[in-house]
Amino acid sequence: MKPVSVAAMQEIDARSEKAFGVSSLTLMENAGRAVAAQTQRFVEDRLKKTLKTAKLVVCCGRGNNGGDGIAAARALKTMGADIRVFCLAPGDKPLKKELVTQIEHTGKEGLTCEPADTDAIDTAIADCDLAIDAVLGTGAKGKPMGPAHRLIQKLARSKKPILALDNPSGIDADTGYHTGVFVEATVTVTLGLPKEGLLKPHAKRFVGELIVVDIGHPKELLAPYL
């Protein structure tokens, strides 16, 4: 696969819905299942455990990357995983509708989105076998601030294996450089196509093992990169 810029990937996402009728929520659900499958592979192959015996924590931001994280947590829950989900509280801007839908689904499926600004998250991360980073996605630019900054720091200081969803938080997906507050992932599961910055030699220490997963983009849109 040829690497893609963030802007080009966003255009593919948008055209998937506008031209082909593949909604962003469908892509999110597909992403959740794909990330759950890669999480199971990591737990079994790298941690030598099962989903039922490993403790997982998912840390979710306020955007669609957080929605992908909740979708992955929901899929993992149905697979029997021992999992907890922590979400940043809403900020000044309204939450995206896809993220709201994901939060609503968790309540119906016996999975709680716990607030990320309590002491409970410190204990959960300290006790977990694997943390899933779904704080900031590929569209984030500049140094993370406020609650996102603090949540990323918690992950960075944990020294736990981290699976980054689409992009390690705090890493610029176009350049591969960090922003000063960032996650060093053990493995990064990126969606659709590899982002240009994640393949830069200097980004290797942040990205870890890079896995690209198909989340249902129309083949016509991906063809130029295959």
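The values are calculated or read from the model by the stated rules, or taken from the named source; none is laboratory data. Source: prediction; values computed, not measured. Here the Cβ positions follow ideal geometry from the backbone for every residue, glycine too, while neighbour counts run over all protein chains shown. Protein only, heavy atoms only, side chains kept; ligands, DNA and RNA dropped before computing areas. Shrake-Rupley method; radii C 1.70, N 1.55, O 1.52, S 1.80 Å.
Under a point spin-label approximation (7 Å from Cα along Cα-to-Cβ), what is the Thr78-Arg150 distance to one decimal in nm?
3.4 nm
Report ³J(HN,Hα) in whole Hz for each residue of segment 136-141, in order, from the Karplus equation J = 6.51 cos²θ - 1.76 cosθ + 1.60 where θ = phi - 60°; Gly and Pro get x.
Per-residue couplings from phi come out as 10, x, 5, x, 6, 10 Hz.
Return the distance in nm (one decimal) between the two label points of a simple spin-label model at Lys159 and Thr112, each offset 7 Å from Cα along Cα→Cβ.
That separation, rounded to one decimal, is 3.0 nm.
Whole-Hz ³J(HN,Hα) for each residue in segment 143-155, computed from phi via Karplus 6.51 cos²θ - 1.76 cosθ + 1.60 with θ = phi - 60°, x for glycine and proline: what do you get?
Once θ is set to phi - 60°, the couplings for segment 143-155 become 5, x, 10, x, x, 5, 4, 5, 5, 5, 4, 4, 5 Hz.
Enumerate the calculated ³J(HN,Hα) couplings along segment 70-82 in order (Karplus 6.51 cos²θ - 1.76 cosθ + 1.60, θ = phi - 60°), each rounded to whole Hz, writing x wherever the residue is Gly or Pro.
5, 4, 5, 4, 4, 5, 5, 4, 5, 8, x, 6, 8
How high is the relative contact order of the chain, given as a whole-number percent (alpha carbon pairs under 8 Å, six or more residues apart)?
23 percent
How much area per residue is accessible in segment 1-90 when the probe is 1.4 Å and only protein heavy atoms are counted (Å²)?
44 Å²
Between Lys96 and Tyr177, what length in nm is gained on full extension when 0.36 nm per residue of separation is reduced by their alpha carbon distance?
That pair, Lys96 and Tyr177, stretches by 26.5 nm at full extension.
Given H placed 1.01 Å from N in the peptide plane, which residues other than close sequence neighbours of Cys87 have an amide H under 5 Å from its amide H?
Long-range HN contacts for Cys87: Cys60, Glu114, Ala116.
Taking N as the number of residues in segment 1-136, what value does Rg over Cα atoms divided by 2.2 N^0.38 Å take?
In units of the globular-protein estimate, segment 1-136 measures up at 1.08.
With just the Cα atoms defining each centre, how far is segment 68-146 from segment 1-51? Give it in Å.
16 Å
Does segment 151-226 come out rounded, prolate or oblate, given a ≥ b ≥ c as the square roots of the eigenvalues of its C-alpha gyration tensor, rounded meaning a/c under 1.5 and, failing that, prolate meaning a/b above b/c?
Note, shape of segment 151-226 comes out prolate.
Measuring from a point 7 Å past the Cα of Glu209 along Cα-to-C-beta, which residues in segment 159-187 have an amide N at less than 17 Å?
Inside the label zone: 160-168, 184-187.
Just flag the trypsin sites (Lys or Arg not before Pro) in segment 118-162 sitting in loop per DSSP whose Cβ has no more than 14 other Cβ atoms within 10 Å.
Sparse-neighbourhood loop trypsin sites (Lys or Arg not before Pro): Lys141, Lys159.
Counting only DSSP beta bridges with both residues in the chain, what percent are antiparallel, rounded to the nearest 5?
The answer is about 5 percent antiparallel.
Under the rule of at least 5 residues apart or a separate chain, name every residue whose amide H is placed under 5 Å from the amide H of Lys55.
Asp129, Leu130
From the Cα gyration tensor of segment 109-153, with a ≥ b ≥ c the square roots of its eigenvalues, which class applies: rounded if a/c is under 1.5, or else prolate if a/b is larger than b/c, or else oblate?
prolate
Hey, what's segment 92-141 come to in accessible area per residue, 1.4 Å probe, Å²?
Solvent-accessible surface per residue comes out at 54 Å².
Under a crude label model (7 Å from the Cα following the beta-carbon direction), how far is Ala223 from Lys141 in nanometres?
3.1 nm
Carbon and sulfur together cover what percent of the accessible area of the chain at a 1.4 Å probe radius?
53 percent
Most mobile of Ala19, Ala34, Ala203 per a Gaussian network model of the chain (Cα springs, under 10 Å)?
Taking springs between Cα atoms under 10 Å, the residue moving most is Ala19.
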